[in-house]
Amino acid sequence: MAKKPVVIDFHAHFMTEAVFAATYQLSVIGQLRQRGDAAAIRPMPEALVRRMTDMSLRLEAMDQMGVDIQVISPNILHQCTYPLDAPEGLRLERLNNDHVADLVAQKPDRLVGLGSVPLQDATLAAAEMERAVRDLGLKGIIVASRVNETELGDAALRPFWRKAEALEVPIFIHPAGNADPRLQHHSMLISLGQPLEEAFAQTSLVYDGVMDEFPRLRIAFAHGGGFIPYYAGRFDWMYRRGSTKQMRADFSSYLRGFYYETVVFNPDVLETLASKTDTSHIMLGSDFPFGESKPVEFLQAATKISAEARDAILGANAAKFLGLSI
């Protein structure tokens with residue numbers, strides 16, 4: 001009998017309540033939920049807060065989903081520190097990282113931690129990343145798709161990317177929201193804004209030279225990588241016609257170097273992603289506690305992906321990306 005794969009959910013969130021209290025009103029989503037004044041911002045539903053803060057509820061949900069290990073990262077959409085001045089951002093990110101390390105220490109067989117950094121100051125961010133992985137044992141770092149109005153490929157962030165490559169730290173890019181007024185209705189901040197932000201992050205990293213300057217970076221994107229993997233032809237055409245001569249190859253070549261998770265909600269969309277990239281770069285995800293409630297069943301419904309590839313997506317790919325032994 002074949003050995004059952006270890007199931008790793010790469011995309012799951014925790015909350016550090018002190019950090020949430022200090023940042024939620026500054027967040028894009030907090031601002032959109034504001035009613036008249038800052039004191040009237042609608043709180044996050046208590047049920048979601050509990051699932052991110054109560055260990056027993058987390059483990060119960062994991063068992064229900066058939067997940068052996070969760071990779072937990074801070075809920076950056078609601079508790080991003082980038083709008084704060086850098087020293088305060090560092091203080092709060094250290095709280096985040098100490099907290100996730102403590103959670104992992106409570107259940108080292110079930111949880112793996114990703115840290116976070118004050119990316120509004122690339123030097124402080126690089127130093128905190130080093131502390132998080134070397135001193136706290138965290139396995140990667142989550143960053144947003146931009147730093148306030150600064151794109152990820154900006155020269156100011158090069159010290160962070162240089163350190164991430166040198167330390168071989170996996171990076172998970174997860175948007176913290178998009179404040180465009182056009183996204184304020186019909187929950188389009190989530191449906192349209194998040195994958196749009198992932199597209200902006202990819203274009204900046206590629207066009208602004210980060211991926212060429214630091215080719216050993218390991219970068220994963222939330223939500224199946226946003227829009228570009230499913231519409232790469234137009235970007236490849238721009239390369240072929242000579243509009244993006246700074247690139248070393250077409251855009252699809254860079255996309256195949258990134259990593260992705262399965263939070264795309266329709267099996268045919270996941271099948272399309274698998275046809276556009278290497279399936280060994282796709283990892284199971286749920287976006288707990290907000291997203292896919294049956295991630296394993298969802299993956300298995302994508303039957304155009306081979307059974308062997310689906311088994312690897314269940315856990316082996318994430319283990320390799322994060323350097324885990326399973």
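The values are calculated or read from the model by the stated rules, or taken from the named source; none is laboratory data. Please read these numbers as outputs of a predicted model, since none were measured by experiment. We place every Cβ from the backbone using ideal geometry, glycine too, and count neighbours over all the protein chains shown. Note: areas computed on protein heavy atoms with side chains; ligands, DNA, RNA excluded. Shrake-Rupley method; radii C 1.70, N 1.55, O 1.52, S 1.80 Å.
Tell me, yes or no, whether the stretch 287-298 has at least one residue that is crowded, with 21+ Cβ neighbours inside 10 Å, under 29 Å from GLY113 (Cβ atoms), without any contact (Cβ under 8 Å) to a residue 60 or more places away in the chain and of a type in the set (Asp, Glu).
Within the stretch 287-298, one or more residues are crowded, with 21+ Cβ neighbours inside 10 Å, under 29 Å from GLY113 (Cβ atoms), without any contact (Cβ under 8 Å) to a residue 60 or more places away in the chain and of a type in the set (Asp, Glu).
From the list ARG182, ARG158, which one is at pLDDT below 95 and in a helix (DSSP H, G or I)?
Exactly one residue qualifies, and that residue is ARG182.
From the list GLU197, GLU165, exactly one residue is assigned to a helix (DSSP H, G or I), open to solvent by 10 Å² or more (accessible area, probe 1.4 Å) and of a type in the set (Asp, Glu). Which is it?
Result: GLU165 is the single residue among GLU197, GLU165 that is assigned to a helix (DSSP H, G or I), open to solvent by 10 Å² or more (accessible area, probe 1.4 Å) and of a type in the set (Asp, Glu).
Filter the stretch 86-121 down to the residues that are part of a loop (DSSP other than H, G, I, E, B) and crowded, with 20+ Cβ neighbours inside 10 Å and list them by number.
Once the filter is applied, which keeps residues that are part of a loop (DSSP other than H, G, I, E, B) and crowded, with 20+ Cβ neighbours inside 10 Å, the stretch 86-121 yields LEU114, VAL117, PRO118, LEU119, GLN120, ASP121.
Being within 22 Å of GLU168 (Cβ to Cβ) and touching a residue at least 40 places away in the same chain (Cβ under 8 Å): is that true of LEU189 here?
When the stated conditions are applied, LEU189 does not pass them.
Answer yes or no: is there a residue in the stretch 132-141 that is within 17 Å of ARG218 (Cα to Cα), open to solvent by 20 Å² or more (accessible area, probe 1.4 Å) and at pLDDT 95 or above.
yes
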